[in-house]
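Student: One structure is given below, represented as C-alpha cells, and several questions about it will come after.
What follows is calculated from the coordinates using simple rules that are stated; it is not laboratory data. All values reported here derive from a predicted model rather than from experimental measurement. Glycine gets a Cβ as well: all are built from the backbone with ideal geometry, and neighbour counts include every protein chain shown.
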C-alpha cells in the first residue's frame, strides 16, 4: 500500500515544482521586457562616441611656403699669409670687430727687407749704366743694341724691386673685409707658411639663408617678398627679412630651385644659427577655415566629420590655403558647421556622438529657467 501512495506524492511534488518554474520564467520574461523597454535611451547614450568639435569660421589666412635653413654671413674671408715667416705679433682676438685694412698679424720682416735692399742696389747700378750708355751712343762709342739690352735689364731690375717691396708689405697681414674675428689659428712665435689660413673674419651685418624649394613653387616666389624667421636659439622671437634672389633654373637631380633670403644682422642673429623660414606669397582677408586637426587621415579625398543632430556625417571638402594650424575650406562646409577635431578615429559614417562639454552648457542654460519656475 505504501508503494501505491508514494507515486501520487512524487507526482504532486513535480507538479508544484513545474508551477513555480513557470511563474519564475513568466516573471523573468516580464522583467526582461520591462528592462528592454526602458533601455534604448540609456543604451544610446552609452554607445555615443565622445568628441570635441570646432566651428567653421571666417578669418584671414595667408598662403606661404615654409622651410628650414642655416644662416650664413653674406661676406666672409679666410685670411691667409701671403709670405712665410715667424709671427712677431698677433694684434686681434676672437670676437673682436675689425675694419678693412686693419693690421692683424706682423711677421718677421728682416729677410724681406734684405731682398728689397738687394734689388734696389741692382736697380740703381743699372740706372747709372743706362744713363752713361745713352751719352756714349751719341758719340758712337756704344752700339744701339747694347743700349737696348741695358734698358731691358733696368726694367727687369725695377720689376724685381717692386716685387721685393710687395713681399715686404706682406709681412703685415691686414683684414681684407670689415667684420668680426670668428677664429684665430695663430699665436705669437708660430712659423707661418705661405698661403696658410690664420684668421677667419665674417661680416654679420648681412645674413643669408638659402632654401631649396620644390619646382611647383617657382611661379609663386619672387624677390622682395617678406620672410619670417624663427631661430631655435632665440625662442619666442621672430625676425623679418626679404627674398633676395630666386634661381630661374631647376636642379634636374633634386627637382628644386634655390631661393636666397637676407636678414639684417644684430639683435641676436648670428651666422650658423638654424632657423625656420616662412615666405608669405598671398593672403585672403575673409576665408572660411577649420582647424587642421579636423582633416581625416584615411588616405581618401580631403574630408571632415560634421557633428549634426547627434550624428557624425562625413563631408568631403575642397581645401585652399594652409596657415598656422588652419586650413581654408572652399567647398563642402558653411559657416557655423561643427567639425570633429578630437575623437575622429572611433567614428564611422552615422556614428552617434556626444560633444564633450555640451551637457554642461545645456545644464547651465536650464538652471536659471528652473529656478524661475520654482519662484
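Student: Which order do the peptides 337-350, 229-242 come out in when sorted by mean C-beta neighbours inside 10 angstrom, highest first?
Tutor: Final packing ranking: 337-350, 229-242.
Student: How long is the gain from residue 324 to residue 293 if the chain were fully straight, where each residue apart is worth 0.36 nm and the alpha carbon distance is subtracted?
Tutor: Gain on extension, residue 324 to residue 293, equals 10.0 nm.
Student: Further question on the same structure: Name the residues of segment 120-137 whose amide N is less than 14 Å from a point 7 angstrom out from the Cα of residue 146 along the C-beta direction?
Tutor: 129-137
Student: Further question: Quick check on segment 49-132: take the gyration tensor over C-alpha atoms, sort the square-rooted eigenvalues as a ≥ b ≥ c, and tell me if it's rounded (a/c under 1.5), prolate or oblate.
Tutor: In terms of gyration-tensor shape, prolate.
Student: Return the FRET efficiency for the residue pair residue 82, residue 285: r is the Cβ-Cβ distance, R0 is 45 Å, and the value is rounded to the nearest 0.05.
Tutor: That gives a FRET efficiency of 0.15.
Student: With a point put 7 Å past each Cα toward its Cβ, work out how far residue 316 is from residue 162 in nm, to one decimal.
Tutor: Taking the two extended label points, one gets 7.9 nm.
Student: Can I ask one more? Between residue 206 and residue 134, what is the label-point separation in nm under the 7 Å Cα-to-beta-carbon projection?
Tutor: About 5.0 nm separates the two model spin labels.
Student: Taking 41 Å as R0, compute the FRET efficiency from the Cβ-Cβ separation of residue 93 and residue 113 and round it to 0.05.
Tutor: According to the calculation, E is roughly 0.90.
Student: Starting from the Cα-Cα distance between residue 232 and residue 125, subtract it from 0.36 nm times their residue separation and give me the gain in nm to one decimal.
Tutor: Between residue 232 and residue 125, full extension yields an extra 31.7 nm.
Student: Considering the zone a paramagnetic label at residue 262 would reach in this model (a point 7 Å from Cα along the Cα-to-Cβ line), which residues of segment 210-224 have amide N under 14 Å from it?
Tutor: 210, 223-224
Student: Would you work out the relative contact order for segment 204-307, in percent, from Cα pairs under 8 angstrom that are 6 or more residues apart?
Tutor: Taking the mean separation of contacting Cα pairs over the length of segment 204-307, I get 31 percent.
Student: Now a separate question. Quick check: residue separation of residue 301 and residue 55 times 0.36 nm, minus the Cα distance between them. What number comes out in nm?
Tutor: 86.5 nm
Student: Please arrange 143, 84, 119 by counting, for each residue, the other beta carbons lying within 10 Å of its beta carbon, fewest first.
Tutor: Starting with the residue having the fewest Cβ neighbours, the order is 143, 84, 119.
Student: Still on this model: What translational diffusion coefficient, in µm²/s and rounded to a whole number, does the Stokes-Einstein relation yield for segment 109-170 at 10 °C and a viscosity of 1.306 mPa s, taking the hydrodynamic radius as the Kirkwood radius over Cα pairs?
Tutor: Stokes-Einstein gives a translational diffusion coefficient of 128 µm²/s.
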